[in-house]
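Below: one structure, written as structure tokens.
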Amino acid sequence: MGDTTRECRCTGAIVQRYLGKISGPLLDRIDLHIEVPAVPFQELRGTRAGASSAEMRERVMRARMVQQQRGYVNALIPASRLRALCPLDEAGERTLETAVRRLGLSARAHDRILKVARTIADISGQDEIQSKHVAEAVQYRGLDRNYWN
């Protein structure tokens, strides 16, 4: 399952039984759940360079400073302050509403998506959460999307 170079021999029932060992409430508490495929050899040996660790660290540190100035690191924003600190424009509201309805997300998952979207905006250096930030945060709910619906 998830490896494009080898065919999975598991039946759908086996996959569901395995995934059934993870309770919904536990899964709700995990902010990011995504599949990470194996990197093809050609990419490992290629010369294309992405952002360096130092550059990524700097972006994260800037985002953390913004969060501290806001009064909370995003993961610890209390529910009572979430709407004030993570406001959405109309497009963002529509994106989040569509995701909640289609994926049948819980209130906890809804709040976690808002916090992740806030973090994505912070790392991008943007003050406002945009619809694209919400959409990216929803994509990080891979198990909600792929296996429970």
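The values are calculated or read from the model by the stated rules, or taken from the named source; none is laboratory data. For clarity, every value in this text was computed on a predicted model and none was experimentally measured. Positions of Cβ are backbone-derived with ideal geometry, glycine not excepted, and every protein chain shown enters the neighbour counts.
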remark   = For Thr5, the lone unmet condition from (1) part of a loop (DSSP other than H, G, I, E, B); (2) of a type in the set (Val, Ile, Thr); (3) surrounded by 10 or more Cβ atoms within 10 Å (Cβ to Cβ) is (3)
message = Six or more apart or on different chains, Cβ atoms under 8 Å: show the pairs whose first residue is in region 87-101 and closer than 9 Å to Gln130 by Cα and whose second is acidic (Asp, Glu).
response = Asp89/Glu128
task = May I ask you to say which residue of Leu76, Leu105 is surrounded by fewer than 16 Cβ atoms within 10 Å (Cβ to Cβ) and closer than 23 Å to Arg29 by Cβ?
result = Leu76
inquiry  = Can you pull out every residue in region 113-127 that is charged (D, E, K, R) and modelled with pLDDT under 95?
reply    = Asp127
note = Of the residues in region 8-41 that are of a type in the set (S, T, N, Q) and loosely packed, with under 10 Cβ neighbours inside 10 Å, the one that is farthest from Arg118 (Cα to Cα) is Thr11
key: Hits in region 42-79 (condition: at pLDDT below 90 and among the basic types (Lys, Arg))   = Arg45, Arg48
ask   = What do you reckon, is Leu32 under 21 Å from the mean Cα position of the chain (by Cα) and among the hydrophobic types (A, V, I, L, M, F, W, C)?
value = yes
